[in-house]
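Trainee: Please read through the structure below; I'll follow up with questions.
The values are calculated or read from the model by the stated rules, or taken from the named source; none is laboratory data. This one's a predicted model, so the numbers in the text were calculated from it and none came from an experiment. Here the Cβ is made from the backbone with ideal geometry for all residues, glycine too, and neighbour counts use every protein chain on show.
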Amino acid sequence: MNSSSAGLDRRRKFDNLVTVFHQDMYRYAAWLCRDKTIAEDVVQESLLRAWKSLDALRDDGASKQWLLTIVRRENARYFERRRLETVDVDDLTPSQEAILAESPDDQLDNLREAIYGLEDDYREPLVLQVLMGYSTNEIAEQMGLKQGAVLTRLHRARLKLKDLVQSEDALP
């Protein structure tokens, strides 16, 4: 196989990965960083890193987990290397003030806020299972934990989430 056909095969393999898993990568990044714009940056950096190390992917069946691991690491790198910009609330435009004035009033917004309120150790396995469809074995492998630890975290996450949602419902 000559180098141009090898390059074409590599590009096709990468294009297939992006087509199949881009939405999952974005959804996972958005849940990790809690910001759609940052999630887009994290996914772009992840795709660049995946392209550079595509030859390291030996098992096509592990593609999704490989890509999500890259997203998780890129998310951590993003927050290590960037200082988040602060905004003076007195300098906001009227449209920005309106966004701040919005209050979540339906159940979905309350549930999202409750999930965001969970500690990372509980939120991440819950998101991996519920949103991404991972098994507890896959979550354990991805997070470097034993399956029992994942089960415990999932159980505690659900209890904490239930308490958070019920306390929100109890507010006047």
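Trainee: Looking at this structure, is Gly144 at pLDDT 80 or above, over 14 Å from the mean Cα position of the chain (by Cα) and more than 19 Å from Ile70 (Cα to Cα)?
Mentor: Criteria not met by Gly144.
Trainee: So, one more: Looking only at the stretch 140-157, which residues are exposed (fewer than 14 other Cβ atoms within 10 Å of the Cβ) and of a type in the set (Lys, Arg)?
Mentor: As a first pass, look at the stretch 140-157 and keep what is exposed (fewer than 14 other Cβ atoms within 10 Å of the Cβ): 144, 146, 148, 155.
Result: Lys146, single match.
Trainee: Let me ask another. If I filter the stretch 30-49 down to residues being aliphatic (A, V, I, L, M) and within 19 Å of Leu126 (Cα to Cα), which single residue comes out as surrounded by the fewest Cβ atoms within 10 Å (Cβ to Cβ)?
Mentor: Result: Ala30.
Trainee: Being under 12 Å from the mean Cα position of the chain (by Cα), in a helix (DSSP H, G or I), of a type outside the set (Phe, Trp, Tyr) and surrounded by 10 or more Cβ atoms within 10 Å (Cβ to Cβ) narrows it down to one of Arg27, Arg11, so name that one.
Mentor: Step by step, each of Arg27, Arg11 is checked, and only Arg27 is under 12 Å from the mean Cα position of the chain (by Cα), in a helix (DSSP H, G or I), of a type outside the set (Phe, Trp, Tyr) and surrounded by 10 or more Cβ atoms within 10 Å (Cβ to Cβ).
Trainee: Between a residue in the stretch 34-52 that is within 19 Å of Lys64 (Cα to Cα) and any residue that is part of a helix (DSSP H, G or I) and of a type in the set (S, T, N, Q), which pairs come within a Cβ distance under 9 Å, given they are 6 or more apart or on different chains?
Mentor: Within 9 Å, the pairs are Ala39/Asn75; Val42/Asn75; Ser46/Asn75.
Trainee: Still on this structure, I have one more. Out of the residues in the stretch 123-139 meeting the condition of being surrounded by 14 or more Cβ atoms within 10 Å (Cβ to Cβ) and either among the polar types (S, T, N, Q) or over 21 Å from Ala30 (Cα atoms) (or both), tell me which one is nearest to the chain's Cα centre (by Cα).
Mentor: Gln129
Trainee: Looking only at the stretch 136-164, count how many residues are within 23 Å of Gln23 (Cβ to Cβ) and either touching a residue at least 24 places away in the same chain (Cβ under 8 Å) or out of contact with any helix residue (DSSP H, G or I) (no Cβ under 8 Å at 6 or more places or on another chain) (or both).
Mentor: 3
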